[in-house]
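Right, one structure below, let's go through it.
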Amino acid sequence: MTESVASLSKLRRRLARIEGVRSRDVCARLTTGCAAVDGWLGGGLSRGRLHEVMAAERGDAGSVAGFAAMLALRAGAGRPLLWLRTEAAERRCGRLYATGLGELGLDAGAVLVGLVADDAALLKAANDAARCAGVGALLVECWGDPACLDLTATRRLMLAAEASGVTVLLLRMAAAESPSAADTRWRVAAAPSVPLADGTPAGAPGHPAFEIELLRRRAGPAGITWRVEWNRERRTFQQPAGAAVSGAVLPVAAG
Amino acid sequence: MGREGVPYAVIEKVKGAHRLYAVDPAAAGLGIAPGMTLADARARVPDLAAFDHAPHDDHVWLERLADGCARYTPWVTLDAPDGLVLDVTGCVHLFASETALAADAAARFDRLGVAVGHAFAGNPDAARALARYRPSGASEDEAVRRLPVAALGLDGEATLALKRAGLKTVGDVVVRPLSAIAARFGGDAATRVRRIVGAADSPLSPRMVKPPLHVERRFAEPVARTDYALAVLGDLMAEAVARLAEDQEGGRRFVARFFRTDGLVQRLAVETGRPSRDVALVLRLFRERIDALADPIDPGFGFDLVRLDIPVAERLDAAQLRLEGGAVAEAELAALIDRLSTRLGRGRVRRFAPRDRHLPEQAEFTLPAVEAAPPAAWPVPEAGEPPLRPIHLFDPPQPIDSVVAGVPDGPPAKFRWRRTLHEVARAEGPERIAAPWWTPREAPTRDYYRVEDRRGRRLWIFRHGLFEDGRPMPNWYVHGVFA
């Protein structure tokens, strides 16, 4: 048993050398700030890679955008953020409101929005942007299941991101799961917020809270759900106060 | 400037005291004069309005007026702080006479609200002095002799010395031997006297606006192939860049024109966010522009002229070109913005800027990312508070129906939006946002509520109008979606 494990890791290293890709362990990590999530992810999300964020339902588009914006804020390191959207996404989800992004802790003046006509143009622009090291984080938002967003396209985005070190977040609203070369895939849904304890009138909505599910992960187990809340002052995710940790189904057979 | 009928003055700070720099005719009529302190002036005229002296703005305004005077002659010089000298030799024939030219200029200035005094003379110094001092005289010569010595433009000491010596007008000085004048009051005085009477030349350096850079290539035989014409564009770019480098400038806007033998012109324009001397970068932008054209460039029977203009150029030192570390990343981002703006359109890549307005949809605006960001002060959210503004805004707000309100003035308990029923679990509000009072139409007041439904979705909804007896029920709308 141990021999097969040893030879398996030797084979992996040989493959990595052949592929010429940097080893996953050496990759810098983007922490979420929430210990449970970071622990599971082995330190956090990988920087300079492609990550996919999907909406659980059509009505969760706001939560997906918010979650992605928060991750991008943590990934950005002070550099401007580029948000590419298709016209379809802009029509259905509404236009981005920079004051609202500022309320989440982002620097509203450092957000650039690019509006493209269709999904093919979106991919082309995303590839160009992913190669630009001056971008702090790139968010690519589309609506539906475009045919051109297939395994090859996501692999090309991933390679561009690896070359430049830009973290790319692909936001897919109203889409079904499809094969993708993304490092991690998340499904985000809105979750009831924890009422604030101090001063604010009882019954007011509290800090943004999400239910995030790690659907897929390239090198490791997945399938676990967390409930997190965003702390604007510290710009981190945290466990909502007083809520029970919801650990969902763990995969039966470890990898 | 100022309200109608209220006298006003322009003030500046001189040695800690506010003194009047200039006064309007109404104030002058009431006994106020430049040089007075503001306190004295206000004692005489209590409702005197005061504006700060802005010499830079005045200079810019004078330059604009000088630009306008280019219609009369290309030889225009600024006579700071409030004068212009035009050399109209050979230009008067465009008008019936000198008087007609002066009348035309006066009429134009009058339309701008600028009062002008003018004078014609055989040399610039005399003209300058005559326009300012307006001595009477049958001929130009006589008028010049009647000018006070202050018109010579010497410094205060020399003018005072001339007055003390009993020389009050230019005529007094001219009759004295110039060597004596030079010995006693300095060579400068003598030169100015000679210039003002026309005995010596006064150099006048015109304000020539530099024509925009352009390079062109003509072909002896028309070129029928588009790719060859584009290669020539590359050569022209290299030539233009060499000339830009001489002037230490970089181009911001580049326009290429391809002239066909049959008279049609194909025009391509690209712009960069920062001044650039990079041939490869600009050619890449041109290629993006060509790819984005609806129809490919059609040479027809051939091009016989290719021309490159650089209408907008800005200073670009060699020092700015030396990039290190973070500056490289910034330059890369600027190049990316240029490329995307060229491909998608200038208005499709945008950045945000705040605006001081009540209505949420007007509280910010977007501008093209190629334009530099103005310094902006975004509102700072209060610590510990949840987000008060949504991250998505609907334009126009989306109507919701089947509203079941708990309390008529309060937030709804249930509502239907986009075919989904939302049951409100939490709500906060109302935040009352009224239309600005200066809008002519009476727009209803909006009461905004932050609501969260049982599922956790947070929305920003508002009631459009107040709940009053006798009026129809106001409508509800979803304006935005929170994270």
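The values are calculated or read from the model by the stated rules, or taken from the named source; none is laboratory data. Everything numeric in this text was worked out from a predicted model, so none of it was measured. Here Cβ is always computed from backbone atoms with ideal geometry, including for glycine, and neighbour counts include all displayed protein chains.
Assorted remarks:
- Subset of the range B:72-130 that is within 22 Å of the chain's Cα centre (by Cα), of a type in the set (A, V, I, L, M, F, W, C) and in a loop (DSSP other than H, G, I, E, B) - its residue that is modelled with the lowest pLDDT: B:A80
- Selection status of B:G68, part of a loop (DSSP other than H, G, I, E, B) and touching a residue at least 24 places away in the same chain (Cβ under 8 Å): no
- Output for the range B:149-202, where each listed residue is under 16 Å from B:A127 (Cβ atoms), assigned by TED's automatic domain parsing to the domain that holds B:D125 and in contact with a Pro (Cβ under 8 Å, 6 or more places away or on another chain): B:V170
- Residue match in the range B:235-255 (condition: buried (at least 19 other Cβ atoms within 10 Å of the Cβ) and more than 30 Å from B:A372 (Cα to Cα)): no
- Members of the range B:441-483 that are under 19 Å from B:H422 (Cβ atoms) and of a type in the set (S, T, Y): B:Y448, B:Y449, B:Y477
- Of the strands (runs of 3 or more DSSP E) entirely within the range B:426-483, those holding at least 3 residues that are free of Cβ contacts under 8 Å to residues at least 60 places away in the same chain and either surrounded by 23 or more Cβ atoms within 10 Å (Cβ to Cβ) or acidic (D, E) (or both) occupy B:446-453.
- Members of the range B:201-227 that are surrounded by 14 or more Cβ atoms within 10 Å (Cβ to Cβ) and of a type in the set (S, T, Y): B:S202, B:T226
- A residue that is within 30 Å of B:F286 (Cα to Cα), surrounded by fewer than 16 Cβ atoms within 10 Å (Cβ to Cβ) and among the charged types (D, E, K, R) cannot be found anywhere in the range B:184-197.
- One residue alone among B:A313, B:A280 is under 18 Å from B:D338 (Cβ atoms) and at pLDDT 90 or above, and that residue is B:A280.
- Scanning the range A:208-231 for residues that are surrounded by fewer than 21 Cβ atoms within 10 Å (Cβ to Cβ) and in a loop (DSSP other than H, G, I, E, B) gives A:R218, A:A219, A:G220, A:P221, A:A222, A:G223.
- Residue list for the range B:409-424, restricted to those being surrounded by 14 or more Cβ atoms within 10 Å (Cβ to Cβ) and touching a helix residue (DSSP H, G or I) at 6+ places or on another chain (Cβ under 7 Å): none
- Among the conditions (1) within 14 Å of chain B (Cβ to nearest Cβ); (2) polar (S, T, N, Q); (3) part of a loop (DSSP other than H, G, I, E, B), the only one that A:T32 does not satisfy is (1).
- Residue-level analysis places B:E332 among those that are over 17 Å from B:V232 (Cβ atoms), surrounded by fewer than 20 Cβ atoms within 10 Å (Cβ to Cβ) and touching a Cys at 6+ places or on another chain (Cβ under 7 Å).
- Across the range A:154-196, the number of residues qualifying as over 18 Å from A:A65 (Cα atoms) and without any contact (Cβ under 8 Å) to a residue 60 or more places away in the chain comes to 10.
- Residue-level check: of (1) at the interface with chain B (Cβ under 8 Å from one of its Cβ atoms); (2) more than 18 Å from B:G347 (Cα to Cα); (3) in contact with a strand residue (DSSP E or B) (Cβ under 7 Å, 6 or more places away or on another chain), A:W143 misses just (1).
- Filter pass, B:D395 being within 14 Å of another protein chain (Cβ to nearest Cβ), crowded, with 20+ Cβ neighbours inside 10 Å and farther than 30 Å from A:R234 by Cβ: no
- Residues of the range B:391-409 that turn out to be free of Cβ contacts under 8 Å to residues at least 24 places away in the same chain and either of a type in the set (S, T, N, Q) or not in a strand (DSSP E or B) (or both), as a count: 3
- Lone qualifier among B:A49, B:A33, B:A28, B:A39 - being more than 30 Å from B:S202 (Cα to Cα) and in contact with a Gly (Cβ under 6 Å, 6 or more places away or on another chain): B:A49
- Exactly one residue out of B:D227, B:D247, B:D262 is touching a residue at least 60 places away in the same chain (Cβ under 8 Å), away from chain A (no Cβ under 14 Å) and of a type in the set (D, E): that is B:D247.
- Scanning the range A:36-55 for any residue that is within 12 Å of chain B (Cβ to nearest Cβ) and closer than 21 Å to A:P146 by Cβ turns up at least one such residue.
- Only residues that are small (G, A, S) and either touching a strand residue (DSSP E or B) at 6+ places or on another chain (Cβ under 9 Å) or not in a helix (DSSP H, G or I) (or both) were counted across the range B:218-270, and they come to 9.
- Wholly enclosed helices (runs of 4 or more DSSP H) of the range A:56-112 bearing at least 1 residues surrounded by fewer than 23 Cβ atoms within 10 Å (Cβ to Cβ) and more than 7 Å from every other protein chain (Cβ to nearest Cβ): A:61-76, A:87-93
- Odd one out for B:A129, checked against (1) more than 14 Å from B:L204 (Cα to Cα); (2) out of contact with any Leu (no Cβ under 6 Å at 6 or more places or on another chain); (3) among the small types (G, A, S): (2)
- In the range B:163-189, the residues that are farther than 20 Å from B:L130 by Cβ reach residues that are surrounded by 13 or more Cβ atoms within 10 Å (Cβ to Cβ) and charged (D, E, K, R) with C-beta atoms within less than 8 angstrom, at least six apart or across chains, in these pairs: B:A165/B:R184; B:G166/B:D172; B:L178/B:R194.
- Considering residues of the range A:122-140 that are part of a helix (DSSP H, G or I) and buried (at least 19 other Cβ atoms within 10 Å of the Cβ) only, the residue farthest from the other protein chains (Cβ to nearest Cβ): A:L123
- Residues that are of a type in the set (G, A, S) and within 30 Å of B:P379 (Cα to Cα) within the range A:106-144 comprise A:A108, A:G109, A:A110, A:G114, A:A129, A:A133, A:G134, A:G136, A:A137, listed in sequence order.
- Residue in the range B:338-390 that is farthest from B:R446 (Cα to Cα), counting only those that are part of a helix (DSSP H, G or I) and within 7 Å of chain A (Cβ to nearest Cβ): B:R339
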